[in-house]
Amino acid sequence: MMTVCRRYAGDQTEAEDILQEAFIRVFNNIGQYRFEGSLEGWIRRIVIHTALRILQKKKIRFAEINDSMDVEHTGNVDGIAALGAEELLKLISALPDGYRIVFNLYVLEGYDHNEIASMLDINSATSRSQLSKARKVLQTQIENLTKLPKRYA
């Protein structure tokens, strides 16, 4: 669960705070677990919702952008394959709060834009634009990290 917290938090200390708060909620609500589905999934949802509550207290700002401003995502599969999981986690955690949260919820947790909008009290267009910008930033960072040095000019 620490990995989940690290994806949402800005730094290690914040991730530890989120994890601690989430497990307090798990222990306080363990009687509500109905043994339907996995315990891990139930705990994961609590961790995610705890992270979102804590981050919303920081008054995260989501820039309102219309859909026409979405950036095309070309994808660099070779660049992504060249990076390890820890490097990708560092890149994701370096994203601005709004980008990072929407990216995590959409790409890693599987929520759709309407669900994200409801969870974060934003509109779905904002969710889409934050995801698009996050992908563009990550794509640029991955391309910069995976460029081979030019030996011959």
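The values are calculated or read from the model by the stated rules, or taken from the named source; none is laboratory data. Everything quoted here is computed from the prediction, not taken from an experiment. For neighbour counting, all protein chains shown are included, and Cβ atoms are generated from backbone atoms with ideal geometry for every residue, glycine included. Heavy atoms of the whole protein, side chains included, go into the accessibility calculation; ligands, DNA and RNA do not. Shrake-Rupley method; radii C 1.70, N 1.55, O 1.52, S 1.80 Å.
Just a few scattered comments:
- Residue count for region 73-95 under the criterion of being at pLDDT 80 or above and in contact with a Ser or Thr (Cβ under 6 Å, 6 or more places away or on another chain): the result is 0.
Yes/no matrix, rows are residues, columns are (1) among the basic types (K, R); (2) open to solvent by 60 Å² or more (accessible area, probe 1.4 Å); (3) modelled with pLDDT of 95 or more; (4) within 24 Å of W42 (Cβ to Cβ):
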site	(1), (2), (3), (4)
N104	no, no, no, yes
V107	no, yes, no, yes
L120	no, no, no, yes
N123	no, yes, no, no
T126	no, no, no, no
L131	no, no, yes, no
Q139	no, no, no, no
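- Scanning region 1-27 for residues that are open to solvent by 30 Å² or more (accessible area, probe 1.4 Å) and hydrophobic (A, V, I, L, M, F, W, C), we see that the one that is farthest from D97 (Cα to Cα) is F27.
- Subset of region 28-51 (residues that are open to solvent by less than 50 Å² (accessible area, probe 1.4 Å) and aromatic (F, W, Y)): Y33, W42
- Of the residues making up region 89-102, those that are open to solvent by 10 Å² or more (accessible area, probe 1.4 Å) and part of a helix (DSSP H, G or I) are L89, K90, L91, I92, S93, D97, Y99.
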